[in-house]
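Engineer: The structure is given below, and queries will be raised subsequently.
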Amino acid sequence: MKFYLTTPIYYVNGRPHLGHAYTTVIGDVIARYKKLKGYDVFYLTGTDEHGGKIEKAAKSMGKTPKQLADEMVVHFRDLWKELNIEYDFFIRTTMDFHEKKVAEIFEKLKEKGYVYKGSYSGWYCYNCESFVPEDAEEENGVRICPDCGGKTEFITEENYFFRLSSFQKPLLDFYRKNPDFVQPATMMNKVVSFVESGLKDLSITRTTIGWGIKVPSDPAHVIYVWFDALFNYVTGLRDKFDKYWPADLHILGKDIIIFHAVYWPAFLMAAGYELPKKILAHGWWLVNKKKMSKHIGNVLDPKILIDAFGEDAVRYFLMRETPIGQDGNFSHESFLERYNADLANELGNILSRTTTMALKYFDGVLPSPGPKQPSDQNMEDSWKELSNQIEELYDSYQFSRALSLLWDYLRSINKYLVETEPWRLGQKDSQKTSRILLTALRALFCVLKYIYPVMPRSTEKILEAIGGKGIEFDWDAYKEGLKIKEVGKIFPRVDKEEFFKEEIKMEEKKEEKTYVTIDEFFKMGLKVGKIVEVKEAENANKLYILKVDMGDHERQLVAGLRQYYRPEELLGKKIVVVSNLKPAKIRGYESQGMLLAADVNGRPYILQVPDEVPPGTTVR
Ligand code: ME8
């Protein structure tokens, strides 16, 4: 009864956001549920620290890649702590044993003939350090990088290739035998059709990137970051490999499904490992209908929510709001509504009603209850039926549906209390009051078994309060005579107006910053100019003094371009000028406007205007 599950290892080019939290919380909920069911669980997470992405991010911050990784890893570990994630090991791909093992596997595949040296030709973007796809747009016969919009160059690179093409049939056979390998089924279909449409050999080394694991027998080559990263699932087990491999469950976002459901099993087959049992691909958290991502910059820091509502509310929301596999649109409003309705009201009410009455009437210890009534039997029977359904749903990772049914049941407990009105009886009929409270508490106690994996800390607090700690989750196991204690508000209601006052203020500020009206935009006098003279500034070695033909007059611009452009590269260029910028003195030279350039990590790329556009033309 072992269960080995993993999250993706996250890139360290930015801090973790709600998307990363989502995957890791799903893993933690499953790990805790499996432990409850008696499994010997190993839960692995970690960080992906090699490759061009990290190298580039570090460079732009003036750090070494390792320095950046060391800093970022702290944010990931801290967040997992705050979210109460119980992982068994945190792997970093810069760890010695991982690097050694990956290099070893690479050499083994080379020896076996699964990896060979070849050459690859394609359009390469030096800025992004990657080949651009075949369907990228072209401009004058040159492909344009879809990520940064820059020009690419056609290059031929010597690389090592993995014979992915030989695995088409074995993969399709494997999918046929394991039709549930990928969950949900829609993702499985996507994977099968990807493989059916043909597999090309995969380039698995780079010579253009320095930050990564070197091929021992040919150190000019660095192992492709995905080959390196995927093997974390093997290396991360270290001396426990024999006990836990193969992985029972890889959890990941749908963005990286092909890497996990196609490349990964092919690498494993080639290296002679057993294949993982299941891949669970979840959807994306969106903000305003766009995927939350570092690249777009619309990420949400989970710490803000944890600080305001506690980690369990965040965990609950993530698991309840959207079924795994579907995308979810995040909004503070929906978070707050769910929090108040489900946690503060429904769960909070049962707890405060039952504990308050138990303390008030019986000093916290329920006396012997009167004989069971049909309404009690009803609650018990409906729980027994529901619990089977919940087990099935949890076993198939349908948490949102399960939680929705559990909350229906919590609602029925509140309804039972309202109908039986124990507060009217009080001590007058202590047997009857005790029976009603006991039924409500038993029902709550049973539900807690399934709430625990989702909200472990709060569940423990509730168990402590109702005297149910250490008792096996079973209807009859919770009895009269247990010690019920005073419990404060575990999920205090958060006032919507108060909350949004702050939120809206923040949003308004953001809007002021991010939006300009069209009228404001038109105030900018953007005009085409042609550089007709380039002089080096005498007392400033970064500056050029440019003379620019604006159609009906010439003007002088001062630009910090000397490190990046030679005078002959600038002369004759048609550029975009902010013509109504207030003139300013820069190092003693008057600048009558500003030219536009794209800023790539501090390096300017001048925006150019097609030759046929005459100077003086308005740009808008
Ligand atoms: O892909 N919604 O790392 P990464 C939901 N290093 N989940 C999201 C999300 C969103 N908006 N954004 C990110 C990598 N995620 C590789 C993985 S594994 C061998 C190597 C989650 O930092 C989701 O799990 O880009 C997604 O698959 C993962 O973060 C990508 O993290």
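Engineer: Pop out the carbon and sulfur fraction of the accessible area of region 1-65 as a percent, whole number, probe 1.4 Å.
Structural biologist: On the way: 970 of 1840 Å².
Summing carbon and sulfur atoms, their accessible area is 53 percent of the total for region 1-65.
Engineer: Determine the alpha carbon to alpha carbon distance for each of Lys432/Lys469; Lys100/Lys214; Lys59/Lys291; Lys214/Lys278 and list only those over 19 Å.
Structural biologist: Details: Lys432/Lys469 25 Å; Lys100/Lys214 10 Å; Lys59/Lys291 26 Å; Lys214/Lys278 31 Å.
In this structure, Lys432/Lys469; Lys59/Lys291; Lys214/Lys278 exceed 19 Å between Cα atoms.
Engineer: With a cap of 11 neighbouring Cβ atoms within 10 Å, and only residues DSSP puts in a loop, list the trypsin sites (Lys or Arg not before Pro) found in region 257-358.
Structural biologist: Details: sites: Lys277, Lys278, Lys289, Lys290, Lys291, Lys294, Lys303, Arg315, Arg320, Arg338, Arg353; in loops: Lys277, Lys278, Lys289, Lys294.
Counting only loop positions with at most 11 other Cβ atoms within 10 Å, the trypsin sites (Lys or Arg not before Pro) in region 257-358 are Lys289.
Engineer: Same structure again: When the dipole is taken about the Cα centre of the chain, and only Lys, Arg (+1) and Asp, Glu (-1) are charged at their Cβ, what size is it in debye, to the nearest 20?
Structural biologist: Working: 87 positive and 89 negative charges, 140 e Å.
The dipole magnitude comes to about 680 debye.
Engineer: Here is a further query. Under a Cβ-only charge scheme (Lys and Arg +1, Asp and Glu -1), can you give me the dipole magnitude of region 331-477 about the Cα centre, in debye to the nearest 20?
Structural biologist: On the way: 17 positive and 21 negative charges, 112 e Å.
That gives region 331-477 a dipole magnitude of about 540 debye.
Engineer: I've got another one for you. At 1.4 Å probe size, with the rest of the protein present, what percent of the exposed accessible area of region 143-258 is carbon and sulfur atoms? Could you put the intermediate results ahead of the total?
Structural biologist: Working: 2620 of 5050 Å².
Looking at region 143-258 in its full context, I get 52 percent from C and S.
Engineer: In nm, to one decimal, how far is the modelled label at Glu86 from the one at Ser217, with both set 7 Å along Cα→Cβ?
Structural biologist: 4.6
Engineer: In addition: At q = 0.10, 0.18, 0.19 Å⁻¹, work out log10 I(q)/I(0) for region 346-471 with the Debye formula, treating every Cα as an identical point scatterer and leaving solvent out; two decimals please.
Structural biologist: Calculated log10 I(q)/I(0) at the listed q: -0.31, -0.96, -1.06.
Engineer: Would you mind calculating the relative contact order of the chain from Cα pairs under 8 angstrom and at least 6 residues apart, reporting the percent as a whole number? Before the final figure, lay out the partial values.
Structural biologist: On the way: 985 pairs, mean separation 64.8, N = 620.
It comes to 10 percent, rounded to a whole number.
Engineer: To make sure I understand the rule: partners must be aspartates and glutamates, Cα under 20 Å from the Cα of Lys415, and not fewer than 8 residues away in the same chain. Which ones qualify?
Structural biologist: In chain and number order, the partners are Asp342, Glu346, Asp376, Glu380, Asp381, Glu385.
Engineer: Further question on the same structure: For Lys523 paired with Lys2, estimate the spin-label separation in nm (one decimal), with each label point 7 Å from Cα along the Cα-to-Cβ line.
Structural biologist: So the two model labels end up 6.7 nm from each other.
Engineer: If a paramagnetic tag sat 7 Å from the Cα of Lys483 along the Cα-Cβ line, which residues of region 358-398 would have the backbone N under 14 Å from that point?
Structural biologist: Answer for this model: 363-366.
Engineer: Leaving out same-chain residues fewer than 8 places away, which lysines sit with a Cα under 25 Å from that of Lys585?
Structural biologist: Leaving aside lysines fewer than 8 places away in the same chain, those within reach of Lys585 are Lys523, Lys527, Lys530, Lys535, Lys542, Lys547, Lys573, Lys574.
Engineer: How large is the helix-only mean residue ellipticity at 222 nm for the chain, computed as the sum of -39500 (n - 2.57) over DSSP H runs with n ≥ 4, divided by its residue count, in deg cm²/dmol to the nearest 500?
Structural biologist: On the way: 22 runs with 257 residues, N = 620.
The per-residue figure over the chain is -13000 deg cm²/dmol.
Engineer: Restricting to Cα pairs below 8 Å that are 6+ residues apart, what does the relative contact order work out to for region 1-109? Please round to a whole percent.
Structural biologist: Dividing the mean separation by the residue count of region 1-109 yields 34 percent.
Engineer: For the chain, what is the accessible area per residue in Å² when the probe is 1.4 Å?
Structural biologist: 48
Engineer: So in the chain, what percent of DSSP beta bridges are antiparallel if you round to the nearest 5? Could the numbers behind the result be given before it?
Structural biologist: Working: 52 of 74 bridges.
Here the antiparallel bridges make up roughly 70 percent for the chain.
The values are calculated or read from the model by the stated rules, or taken from the named source; none is laboratory data. What you see is a predicted model, and the numbers here were worked out from it, not measured in a lab. Here the Cβ is made from the backbone with ideal geometry for all residues, glycine too, and neighbour counts use every protein chain on show. Note: accessible area is taken over every heavy atom of the protein model, side chains too, but ligands, DNA and RNA are not part of it. Shrake-Rupley method; radii C 1.70, N 1.55, O 1.52, S 1.80 Å.
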